[in-house]
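Down below is the structure, laid out as structure tokens.
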């Protein structure tokens, strides 16, 4: 006697996860967390400043206020940059993340100048730190929250490679170190009777922020100016294409970044005896191998007859860099 068939439909096959979509989802989530953390730190540090009058706390509060603006810029930028290509933006809007990073760098530069000026004035005219216990407690909490946010941002960057979140993490990482310096200044001013050390701590924060802003500015400017993708990425692209023995060579290989998307253009050498359909199939397979290594990549491959007049320098798949860039 046969067993009746179950009415339960068979489980659907696992849907492949799009790494680019997953990365963008992680990016949107971490930007929401970043805005919430910035608001929380502003409230905490405002309380600590009112209780202590510390210039180091003032420096940290000003930085957190600018962090909020930077995090909001990142929040909106990553959503705008993730929009699909359209008639006006045929390559997408990925560079919106680089523009957000530039905004972040400008805000951090402004914060460093303000904090440095205030610290110099307080060094010349030291003021006592009061209610140091409250301020110290708040700064310890701020350090813990900021460290957690930096850890979360690091995870999101591994998933997405987002330049905007990288910029956001850079200044929160600087904040983490700055908060430690502020804590040292508070302890020195409140318990060691050395208010000048509190002002000096504020000056150290300013220098640290300035250096951190430079670190954000460089990669953002590189992407906006279409700097070539790293040599290892270009070598990986060439290696993926040359994995097919029917491809005789790669030349005029160009690769650059637009947000998390790698844009690749190249010429490949194929046997001139191949039919158009056969050549097209080889190119499509090559594009597939590149997309496996760089999900979401925008790829354009032009096929040349091997040994034709357009043949230039060929790329070795093992070369870390070369004239194909």
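The values are calculated or read from the model by the stated rules, or taken from the named source; none is laboratory data. Note that the coordinates shown come from a computational prediction; the quantities given were computed from them, not determined experimentally. Here Cβ is always computed from backbone atoms with ideal geometry, including for glycine, and neighbour counts include all displayed protein chains.
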Residues to consider are 278, 252; find the one that is modelled with pLDDT of 90 or more and closer than 18 Å to residue 226 by Cα. 252
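Residue under question is residue 284, and the condition is that it be in a helix (DSSP H, G or I) and within 32 Å of the chain's Cα centre (by Cα); does it hold? Break it down into steps so the answer makes sense when it comes.
Numbers: in a helix (DSSP H, G or I): yes; within 32 Å of the chain's Cα centre (by Cα): yes.
Against the criterion (in a helix (DSSP H, G or I) and within 32 Å of the chain's Cα centre (by Cα)), residue 284 qualifies.
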If you go through 22, 12, 59, the only one that is touching a helix residue (DSSP H, G or I) at 6+ places or on another chain (Cβ under 7 Å), surrounded by fewer than 22 Cβ atoms within 10 Å (Cβ to Cβ) and modelled with pLDDT under 75 is 22
Run down 299, 263 and say which single residue is within 22 Å of the chain's Cα centre (by Cα) and under 30 Å from residue 100 (Cβ atoms). 263
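Going residue by residue through the stretch 267-277, is there one that turns out to be within 25 Å of residue 92 (Cα to Cα), in contact (Cβ under 8 Å) with a residue 24 or more places away in the chain and surrounded by fewer than 13 Cβ atoms within 10 Å (Cβ to Cβ)? Outline the logic, then answer.
Initial filter on the stretch 267-277 (within 25 Å of residue 92 (Cα to Cα)): 267.
Add one more test, that the residue is in contact (Cβ under 8 Å) with a residue 24 or more places away in the chain, and what stays is 267.
Checking which are surrounded by fewer than 13 Cβ atoms within 10 Å (Cβ to Cβ) leaves us with none.
No, the stretch 267-277 has no match at all.
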Give the stretch 243-260 a look and list any residue that's closer than 26 Å to residue 223 by Cβ, more than 21 Å from the chain's Cα centre (by Cα) and free of Cβ contacts under 8 Å to residues at least 60 places away in the same chain, or say none. none
Of all residues in the stretch 76-98, which are closer than 17 Å to residue 26 by Cβ and crowded, with 19+ Cβ neighbours inside 10 Å? 77, 78, 81, 82, 94, 97
What pairs come up if the first residue lies in the stretch 109-129 and is in the same structural domain as residue 178 (by TED's automatic domain parsing) and buried (at least 22 other Cβ atoms within 10 Å of the Cβ), the second is at pLDDT below 75 and not in a helix (DSSP H, G or I), and their beta carbons are under 8 Å apart, counting only those six or more places apart or on different chains? 129/53; 129/54
